[in-house]
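See below for the structure under consideration.
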Amino acid sequence: MNVYEAIRTRKSVRDFKDQPIEKEKLERILKAVRLAPSARNSQEWRFVIVQEKARRRRCRCNMLRRIRRKDNAVRSGSCAH
């Protein structure tokens with residue numbers, strides 16, 4: 001598969017299986033992600049692997065709160081640039 005075909009046929013998945021990802025597969029995914037380009041090679045991303053279900057739920061709730069706060073700040077015009 002070439003790059004064009006991969007981009008053209010990609011899809012977003014929001015229905016996840018409730019089973020762990022094999023360690024080898026996870027390591028391969030992380031290697032690929034680290035190779036992704038970033039603006040000015042800043043590489044400002046951070047990755048956290050959470051395997052415990054209760055902890056994943058807490059992380060999800062915390063991230064949703066942050067997103068809502070940021071979204072509200074942008075709507076109200078109080079977002080500092």
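The values are calculated or read from the model by the stated rules, or taken from the named source; none is laboratory data. As the structure is a prediction and not an experimental result, all values here were calculated from the model. Because the Cβ atoms are built from the backbone with ideal geometry, glycine has one as well, and the counts that use them run over all protein chains shown.
Which members of the range 8-20 meet the condition of being among the β-branched types (Val, Ile, Thr) and either at pLDDT 90 or above or over 19 Å from the mean Cα position of the chain (by Cα) (or both)? Answer for the range 8-20, where residues must be among the β-branched types (Val, Ile, Thr) and either at pLDDT 90 or above or over 19 Å from the mean Cα position of the chain (by Cα) (or both): just Thr9.
Restricting attention to the range 26-38, the residues being under 26 Å from Lys53 (Cβ atoms) and either surrounded by 10 or more Cβ atoms within 10 Å (Cβ to Cβ) or in contact (Cβ under 8 Å) with a residue 24 or more places away in the chain (or both) number 6. Would you confirm, using the coordinates I've provided, whether Gln43 is of a type in the set (S, T, N, Q) and over 21 Å from Arg14 (Cβ atoms)? Yes, satisfied. Filter the range 36-54 down to the residues that are of a type in the set (A, V, I, L, M) and within 26 Å of Lys17 (Cβ to Cβ) and list them by number. Once the filter is applied, which keeps residues that are of a type in the set (A, V, I, L, M) and within 26 Å of Lys17 (Cβ to Cβ), the range 36-54 yields Ala36, Val48, Ile49, Val50, Ala54. Of the residues making up the range 1-25, those that are of a type in the set (Val, Ile, Thr) and within 14 Å of Ile49 (Cα to Cα) number 1.
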